[in-house]
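Just so it is clear, none of the values below were taken in a lab; they were calculated from the coordinates. Computed from a predicted structure; not experimentally measured. Backbone-built Cβ (ideal geometry, glycine too); neighbour counts: all protein chains shown.
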Amino acid sequence: MQDNLKTAYDRDGYVIVRKAIDVDLVAEAQQHVHWLLEHNPGVRPEQLHAHLAWNDPFWIRLVSDDRLLDVAQQFVGPDIALFATHYICKPPRTGQAVLWHQDGSYWPLDPMEVVTLWLAVSDSTPENGCMRVIPSTHHLTLEAVQQRTDVDSVLGSAMSDAHVDESKAVDVILKAGDASIHHPNLIHGSEANSSDQWRMGLTIRYVPTTTRMLKPEMAAPFLLRGKAVPGINTYRPRPRYQPGVHMPFAGCEAWK
Ligand SMILES: O=C(O)CCC(=O)C(=O)O
């Protein structure tokens, strides 16, 4: 595991981690996306999030994988909670864009100490709508977002174009199993999927347990490693695996 991630992150507001997880776990995550879509007809593949994770042992197993927590620990320290997690999966040809934004503009967190690990569940390329970032914009303050109805998009909102210098944008090109980490103030987004391939990504928002989640009903608060801080956050119990209810996965017996 790379242990010098913080230098690039502090400079650029993001950093790439190659081969964050192995091919078997990637395959299970891909299977999970299709399982979720089958069990939630009517939910767009860009919108698999929030309460869907609350009672899903594989989802919590994935976000609490030790390799991912070891990465997160470099940014948030040893006491780690999950704040939110969202599969943003763009189907071939119809997958929607994510308009330019800073994550922190949306988040009820106090303080805004949080890091996103974006896990590539498929290859992520300019053609299929990989994430695009504007390096070093994490030094900027958070700007308000406005509703946008002129274009189909995952968030339905964006920051004002006045704050975005798209000529400086960089494509975050990842292989399935790689991850990128980004800062809550970093300006980023992604294009629609114009290819014949799926683009699957899982956002995982890790916080130190000193960060208060002000709207837990909208979050996925799980204690993943280390200690909770008394009086800060109420964590959900880990979901138990029930055959026939949940997707089976390697090691699911230990989650019963
Ligand atoms: O998945 C994407 O294309 C964008 C991800 C994003 O906006 C985020 O992680 O905040």
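Structure notes:
- Using the rule -39500 (n - 2.57) for each DSSP H run of four or more residues, divided by the residues of the chain, the 222 nm mean residue ellipticity is -5000 deg cm²/dmol.
- Multiplying the residue separation of residue 127 and residue 218 by 0.36 nm and subtracting their alpha-carbon distance yields 29.6 nm.
- Dipole magnitude of segment 1-63, debye to nearest 20 (Cβ charges: Lys/Arg +1, Asp/Glu -1, about Cα centre): 160 debye
- Residue order, fewest to most beta carbons within 10 Å, for 253, 127: 253, 127
- Partners for residue 256 among lysines (Cα-Cα distance below 27 Å; same-chain residues under 8 apart left out): 227
- Modelled spin labels at residue 163 and residue 255, positioned 7 Å past Cα toward Cβ, are 3.6 nm from each other.
- Two-decimal ratio, segment 5-255, of alpha-carbon radius of gyration to 2.2 N^0.38 Å: 0.96
- Fewest-first ranking of 39, 183, using other Cβ atoms within 10 Å as the exposure measure: 39, 183
- Leading residue at positive end of dipole, segment 5-255 (Cβ point charges), from 173, 85, 193: 85
- Extension gain, residue 144 to residue 24, is 39.2 nm, computed as 0.36 nm per intervening residue step minus the present C-alpha separation.
- Furthest towards positive pole of dipole, 94, 228, 104, structure part the chain, Cβ charges: 228
- Among 255, 100, sorting on how many other beta-carbon atoms sit within 10 Å of each Cβ, with the fewest leading, yields 255, 100.
- Compactness of segment 51-133, expressed as Rg and Dmax over alpha-carbon positions, Å: 14.4, 41
- Charged side chains reduced to their Cβ positions (Lys and Arg at +1, Asp and Glu at -1) give segment 5-255 a dipole of some 560 debye around its Cα centre.
- Dipole check for segment 70-194: with +1 at the C-beta of Lys and Arg, -1 at the C-beta of Asp and Glu, and the Cα centre as origin, the magnitude is about 240 Debye.
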